[in-house]
Amino acid sequence: MSGLISDNAFWTIWLLIHLLLAVGLLGALTHQAMAVALPARQTAGGIVARFRSVSAPTYATAVCVLWVLTFLVGSYIYPSYRINIRIPLEQGHYFKTGGFFDFKEHIAAIGLVLLPAYWFFWKNAQNPEYDNARKGVTLVLAAMCWFLFIVGHVLNNTRGFGS
Amino acid sequence: MSTTATTNPATARATARRSPLAASGKFKAFASTFSITGPIAYCLSVYLNWPVFTYFPATGRFVWGYGAMQASTGPNMLWYGWLLTTFFTAGVLGLIAVMLPERVTNKIPLFLVWLVPILSIPYVIYSLMFWWRLAMRG
């Protein structure tokens, strides 16, 4: 890309792609988590009730694809973060921020390995044998996704590419 | 509380279109074993520091196994190597589960799929102790 755009612009574009994928994932997982935690008994008029009354099983494959894509883009950006962001963070004594980023990378990896079981449970949503496991893993993944999103957002506020 | 309870007709249609993979007992054994052992394998690979490879982003160099950070190489990245160790370990255990009879794999407690990742979080926080110590020193 050299010559067309600067290095900072290049990595910022990838970071934005990472963000947009994460927004999609967060929306899908939050809908699903609400649907399993507080299932709507009937399609009602209020925004909260409508938020809860989505067809949760149809989100499963999209969630898996979005988690993997967000993960892959994040993995692609990671070496640039290691050089251009983390070293200045350490030099600026932003140790909590650096620690929380490492926490984020661990949580993203643990979330990734949950996807095969998550997908299987949702593709068998008509089987009550998997109800509790499906509910548990969906809520865990949703909580992880919110944590990843917030840490990523705060980290970018602390020091983004080009700052 | 059953999560199947919904009035949305799209749900019934979506669940009716099951792929052969989703209907397979062998895939159930693989997926549940992979997802239960994955977080444990990940924490172990971090604890034992067993990355399949180390990447040095400043020089673009790869080293098999653990590669220490040196002045000539710049910072090292172990995370990709830990991930590969995790996939390999959990994948092998998943394949072993596929070879077991279904009466054995049906006994795998499925609540472990969500409980194990929750239980792994205290270790993850502990593994980052050097960051928290540095933060406390200011």
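Name the helices (complete DSSP H segments) of chain B with a Cα length along the long axis of 15 Å or more and a Kyte-Doolittle mean of at least 0.0, or state none.
B:25-47, B:79-99, B:112-127
Treating only the Cβ of Lys, Arg, Asp and Glu as charged (+1, +1, -1, -1), what charge dipole size does the protein assembly as shown show about its Cα centre? Round to the nearest 20 debye. Let's see the in-between values first.
Values: 21 positive and 7 negative charges, 114 e Å.
So the magnitude is around 540 debye.
Taking the C-alpha atoms only, the angle from helix A:95-123 to the longest principal axis of chain A is near 30 degrees. As a proxy for reagent exposure, ranking B:Tyr80, B:Tyr55 by other Cβ atoms within 10 Å from fewest up yields B:Tyr80, B:Tyr55.
For peptide A:121-131, what's the mean number of Cβ atoms from other chains within 10 Å of each residue's Cβ?
Numbers: counts 9, 4, 10, 5, 10, 7, 3, 4, 2, 6, 6.
Averaged over the peptide's residues, the number is 6.
Once the Cα-Cα distance is subtracted from the 0.36 nm per residue extended length, the B:Leu134 to B:Leu48 segment shows a gain of 28.7 nm. Site pair B:Arg103 and B:Ser19 shows an inter-label distance of 3.2 nm when each label is modelled 7 Å from Cα along Cα→Cβ. Listed by Cβ neighbour count within 10 Å, with the fewest neighbours leading, A:Val151, A:Val68 appear as A:Val68, A:Val151.
At R0 = 22 Å, how high is the FRET efficiency between B:Ser72 and A:Leu19 if r is their beta carbon distance? Nearest 0.05 is fine. For R0 = 22 Å, the calculated efficiency reads 0.05. Against chain A, whose longest principal axis comes from its Cα atoms, helix A:131-158 is set at around 20 degrees.
Near B:Pro101, within a Cβ-to-Cβ distance under 15 Å, what is the net charge of the other residues, with Lys and Arg +1 and Asp and Glu -1? Write down the numbers at each step before the final one.
Numbers: positive: B:Lys26, B:Lys28, B:Arg103, B:Lys107; negative: B:Glu102.
Charge balance in the 15 Å sphere: +3.
Between B:Leu119, B:Leu93, B:Leu78, the GNM of chain B built on Cα springs shorter than 10 angstrom shows B:Leu119 fluctuating the most.
Each Lys or Arg adds one and each Asp or Glu takes one away; over the other residues whose Cβ falls under 12 Å from the Cβ of B:Leu110, this sums to +2.
Could you calculate the FRET efficiency of B:Val63 with A:Thr61 from 1/(1 + (r/R0)^6), where r is the beta carbon distance between them and R0 is 45 Å, rounded to 0.05? Each step should come with its number before you reach the end.
Values: r = 37 Å, r/R0 = 0.82.
Efficiency for this residue pair is about 0.75.
Over the protein assembly as shown, dividing the summed -39,500 (n - 2.57) contributions of all DSSP H runs of at least 4 residues by the number of residues returns a 222 nm mean residue ellipticity of -22500 deg cm²/dmol.
Which one, A:Phe103, B:Tyr55, A:Ala117, is farthest towards the positive end of the dipole of the protein assembly as shown when Lys and Arg carry +1 and Asp and Glu -1 on their Cβ? Final value for the positive-end residue is A:Ala117.
Could you put B:Thr86, A:Thr12 in order, starting from the residue whose Cβ has the fewest other Cβ atoms within 10 Å?
The fewest-first ordering by Cβ neighbours comes to A:Thr12, B:Thr86.
All of the numbers you see were taken from the coordinates with simple rules; none came from a lab. Worth saying up front: this structure is predicted, and the values here are computed from it rather than measured. So basically every Cβ, Gly included, is an ideal-geometry build from the backbone, and we count neighbours across all protein chains shown.
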